[in-house]
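Report on the structure given below.
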Amino acid sequence: MTPTKTLRVDRIACTGKGLCGELLPELIDLDEWGYPVIKDRVVPDHLRTHARRAAAACPLLALHLDADP
């Protein structure tokens, strides 16, 4: 069984560029200022690759993909 992966946003580091919402619209909405609003913190298996790409593409590395113990 693979460990559960969850999304988390560092609200202090995030400047609202909105790239994460464009790369992962299945799990991330953007508010009116471009800041991410995570719909569901748990990342389904079929979206893990996309979630990793979105976290890696964040210009300020404010989006994190964590493995739950």
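A few points about this structure:
- Selection from the range 31-44 of residues that are surrounded by 14 or more Cβ atoms within 10 Å (Cβ to Cβ) and either assigned to a helix (DSSP H, G or I) or of a type in the set (V, I, T) (or both): I38, V43
Conditions (1) open to solvent by less than 30 Å² (accessible area, probe 1.4 Å); (2) part of a loop (DSSP other than H, G, I, E, B), marked per residue:
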{"site": "I12", "(1), (2)": "no, yes"}
{"site": "G16", "(1), (2)": "yes, yes"}
{"site": "G21", "(1), (2)": "yes, no"}
{"site": "D29", "(1), (2)": "no, no"}
{"site": "H46", "(1), (2)": "no, no"}
{"site": "H64", "(1), (2)": "no, no"}
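- When T6, T2 are screened for being of a type in the set (S, T, N, Q) and touching a strand residue (DSSP E or B) at 6+ places or on another chain (Cβ under 6 Å), only T6 passes.
- Residue count for the range 34-48, restricted to those that are farther than 12 Å from T4 by Cα and either modelled with pLDDT under 95 or touching a strand residue (DSSP E or B) at 6+ places or on another chain (Cβ under 7 Å) (or both): 6
- Contact annotation: no residue pair with Cβ atoms under 8 Å, 6 or more positions apart or on different chains, pairs a residue in the range 1-24 that is without any contact (Cβ under 8 Å) to a residue 60 or more places away in the chain with a partner that is open to solvent by less than 70 Å² (accessible area, probe 1.4 Å) and hydroxyl-bearing (S, T, Y).
The values are calculated or read from the model by the stated rules, or taken from the named source; none is laboratory data. What you see is a predicted model; the values in this text were computed from it and never measured. FYI the Cβ positions are ideal-geometry reconstructions off the backbone, even for glycines, and counts take in every protein chain you see. Just the protein is used for accessible areas: all its heavy atoms, side chains included, with ligands, DNA and RNA removed. Shrake-Rupley method; radii C 1.70, N 1.55, O 1.52, S 1.80 Å.
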